[in-house]
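*Asks:* Mind looking over this structure? Questions follow.
The values are calculated or read from the model by the stated rules, or taken from the named source; none is laboratory data. Predicted model only: the values in this text are computed from it and were never measured. Cβ placement follows ideal geometry from the backbone for every residue including glycine, while neighbour counts extend to all protein chains displayed.
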Amino acid sequence: MAGEKILIVEDERAVARGLEYGLAKEGFDVLWADTGQRALELAHSRDPHLILLDIRLPDISGFDVCRQLRAEGRRQPILMLTARDEETDKVLGLELGADDYVVKPYSLRELISRIRALLRRAYGELAKVSRGERLVFGDVEIDLERLQVHRQGKLVFLTPTEFRLLRYLASNPERPFSRDELIEAVWGYDSDIGNDRTIDVHIRHLREKLEDDPPNPRWLITVRGVGYKFQK
Ligand code: CA
């Protein structure tokens, strides 16, 4: 796949220009928004494959942009650009439906490898499923073809990342996975970047959405000293 549309949302012109240049050189089709409002307009009119989203914008924040796009049901990968050591920013971005974050200052090479991994898992081999396949546990049904989850017959909204994580765990019941293994399988890259929090936040969301008693989960189990497993 080549020429994917990437929307850069960044108000600092010099930073945006650098990103634009670097991404265009890699063959991406680059759009740029310097405000949150403009980002929403471009997301609607141009339907980018992936959005690089800075948090501090002059009008509405990157968080608001993310929240709104997900509320509209837009599912393209969102990669947040966060300031160093802003732990709350990282977690909040994921809470609002971002797929991942990179911490400033990042290298262009790291950013591009994240972008490629996110695109691969959103549109490539990992996104493919066979027709009509479903996984059922308790009152939860995962429709692998429509990428939907129902609980007690009602549609549950999962972000694309939550969906992939759930699908991976539920497809391999009873097997404990480390956070690194999950990152690699679900996110598509090595996890020597310290994104353990990413997994924990997504697991917590899945529990809140799917478990009767989220603090005492029935399905998505913490395996002490290892990571997580799906208990049948
Ligand atoms: Ca900014």
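*Asks:* Of the conditions (1) more than 14 Å from the ligand (Cβ to nearest atom); (2) over 24 Å from Leu147 (Cα atoms); (3) touching a Lys or Arg at 6+ places or on another chain (Cβ under 9 Å), Glu110 satisfies every one except a single condition; which number is it?
*Replies:* (3)
*Asks:* Going through region 9-25 one residue at a time, which ones are in contact (Cβ under 8 Å) with a residue 60 or more places away in the chain and more than 22 Å from the chain's Cα centre (by Cα)? Quick ask: steps written out before the conclusion?
*Replies:* As a first pass, look at region 9-25 and keep what is in contact (Cβ under 8 Å) with a residue 60 or more places away in the chain: 10, 18-19, 22-23.
Listed by number, the residues that qualify are Gly18, Gly22.
*Asks:* Now for a separate question. Considering only region 10-32, state which residues are among the hydrophobic types (A, V, I, L, M, F, W, C) and either within 15 Å of the ligand (Cβ to nearest atom) or surrounded by fewer than 14 Cβ atoms within 10 Å (Cβ to Cβ) (or both). Break it down stepwise before answering.
*Replies:* So in region 10-32, the residues among the hydrophobic types (A, V, I, L, M, F, W, C) come out as 14-16, 19, 23-24, 28, 30-32.
Listed by number, the residues that qualify are Ala14, Val15, Ala16, Leu19, Ala24, Trp32.
*Asks:* Could you figure out which of (1) outside any helix (DSSP H, G or I); (2) small (Gly, Ala, Ser); (3) within 16 Å of the ligand (Cβ to nearest atom) isn't true of Gly3?
*Replies:* Single failed check for Gly3: (3).
*Asks:* Which one is farthest from Ala98 (Cα to Cα), of the residues in region 65-84 that are within 16 Å of the ligand (Cβ to nearest atom) and surrounded by fewer than 17 Cβ atoms within 10 Å (Cβ to Cβ)?
*Replies:* Filtering region 65-84 for residues within 16 Å of the ligand (Cβ to nearest atom) gives 65-66, 78-84.
Narrowing the set further to residues that are surrounded by fewer than 17 Cβ atoms within 10 Å (Cβ to Cβ) leaves 83-84.
Values: Ala83: 15, Arg84: 17 Å.
Once the filter is applied, the top-ranked residue is Arg84.
*Asks:* Which of the residues that make up region 207-232 are out of contact with any strand residue (DSSP E or B) (no Cβ under 8 Å at 6 or more places or on another chain) and over 16 Å from Gln152 (Cβ atoms)?
*Replies:* Within region 207-232, Pro215, Asn216, Pro217, Arg224, Gly225 meet the criteria.
*Asks:* Follow-up question, since we're still on this one. Among the residues of region 33-57, write down those that are of a type in the set (D, E, K, R) and within 12 Å of the ligand (Cβ to nearest atom).
*Replies:* Residues satisfying the conditions are Asp34, Asp54, Arg56.
*Asks:* Would you confirm whether any residue within region 129-140 is at pLDDT 85 or above, on the phi > 0 side of the Ramachandran plot and touching a helix residue (DSSP H, G or I) at 6+ places or on another chain (Cβ under 9 Å)? Give the derivation first.
*Replies:* Going residue by residue through region 129-140, those that are at pLDDT 85 or above are 135-140.
Next, from what is left, pick out any that are on the phi > 0 side of the Ramachandran plot: 138.
Now restrict to residues that are touching a helix residue (DSSP H, G or I) at 6+ places or on another chain (Cβ under 9 Å): 138.
Within region 129-140 (the criterion being at pLDDT 85 or above, on the phi > 0 side of the Ramachandran plot and touching a helix residue (DSSP H, G or I) at 6+ places or on another chain (Cβ under 9 Å)), the answer is yes, since at least one residue qualifies.
*Asks:* Tally the residues that are aliphatic (A, V, I, L, M), modelled with pLDDT under 95 and assigned to a helix (DSSP H, G or I), restricting the search to region 61-96.
*Replies:* 5
*Asks:* Next question. Output yes when any residue across region 192-204 is in contact (Cβ under 8 Å) with a residue 12 or more places away in the chain, hydroxyl-bearing (Ser, Thr, Tyr), over 18 Å from Asp100 (Cβ atoms) and in contact with a strand residue (DSSP E or B) (Cβ under 8 Å, 6 or more places away or on another chain), and no when none is.
*Replies:* No, every residue in region 192-204 fails to be in contact (Cβ under 8 Å) with a residue 12 or more places away in the chain, hydroxyl-bearing (Ser, Thr, Tyr), over 18 Å from Asp100 (Cβ atoms) and in contact with a strand residue (DSSP E or B) (Cβ under 8 Å, 6 or more places away or on another chain).
*Asks:* Give the residues of region 28-60 that are in contact with a Gly (Cβ under 6 Å, 6 or more places away or on another chain) and either assigned to a loop (DSSP other than H, G, I, E, B) or in contact (Cβ under 8 Å) with a residue 60 or more places away in the chain (or both), sorted by residue number.
*Replies:* Our first condition is that a residue be in contact with a Gly (Cβ under 6 Å, 6 or more places away or on another chain); within region 28-60, this holds for 29, 53-55, 57, 59-60.
The answer is Ile55, Leu57, Asp59, Ile60.
Results for (1) closer than 24 Å to Pro77 by Cα; (2) modelled with pLDDT of 90 or more; (3) assigned to a strand (DSSP E or B); (4) of a type outside the set (A, V, I, L, M), shown as yes or no for each residue.
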| site | (1), (2), (3), (4) |
| --- | --- |
| Thr161 | yes, no, no, yes |
| Glu174 | no, yes, no, yes |
| Asp180 | yes, no, no, yes |
| Ala185 | yes, no, no, no |
| Arg204 | yes, yes, no, yes |
| Glu208 | yes, yes, no, yes |
